[in-house]
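Data block below; observations after.
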């Protein structure tokens with residue numbers, strides 16, 4: 001995401017953004033990230049740059065996307081335990097579904113929601129609450145697994161457990177995290193124990 005955003009920014013004479021600054025905004029709309037480079041960016045120009053970003057993303061990033069080692073086994077373990085799973089992302093829902101279908105994990109996921117699925121993006125609770133509603137699970141019985149501040153803040157705002165993984169954006173414990181996990185087995189234990197499923 002950061003590299004693609006910086007390609008668009010540099011192509012239009014902007015100064016590339018620092019990885020940590022952009023990474024902390026993971027889950028937010030692309031236009032908000034582009035406004036870090038150009039605070040006075042008009043809506044029309046922002047839309048054009050977002051379109052350019054999406055063309056690069058679709059052409060180069062989606063085909064190159066790979067799962068973290070341990071993802072497939074973890075999703076399968078949750079599915080086998082009868083847990084309902086949703087993916088929520090700042091990306092468009094259709095892009096998310098295409099990525100997961102290409103990675104052959106689509107059948108493990110019950111719902112896909114993207115930034116275009118709700119009015120308010122992360123860290124507002126809307127995506128998490130919409131996922132819970134679609135899954136038919138009360139928010140208090142849900143957990144959000146994430147790696148960025150917007151994920152943890154969304155979980156807290158939605159009244160859900162916030163589980164932070166350290167193999168994504170942030171390696172340090174984020175404010176509001178309920179459970180910090182460093183490995184896939186730790187994540188499986190935390191989620192299955194919280195759901196009352198056999199670990």
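Only the coordinates and a few stated rules stand behind these numbers; no lab work does. Computed from a predicted structure; not experimentally measured.
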**Request:** Would you work out the relative contact order for the stretch 2-64, in percent, from Cα pairs under 8 angstrom that are 6 or more residues apart?
**Result:** 36 percent
**Fill in**
With no solvent term and unit scatterers on the alpha-carbon positions of the stretch 2-64, Debye gives log₁₀ I(q)/I(0) at q = 0.13, 0.28 Å⁻¹ of -0.30, -1.40
**Prompt:** Tell me, what is the percent relative contact order of the chain, built from C-alpha pairs under 8 Å that lie six or more residues apart?
**Reply:** 17 percent
**Request:** Let me know the Rg and Dmax you get for the stretch 71-194 when you use only its Cα atoms, in Å.
**Result:** 13.4, 35
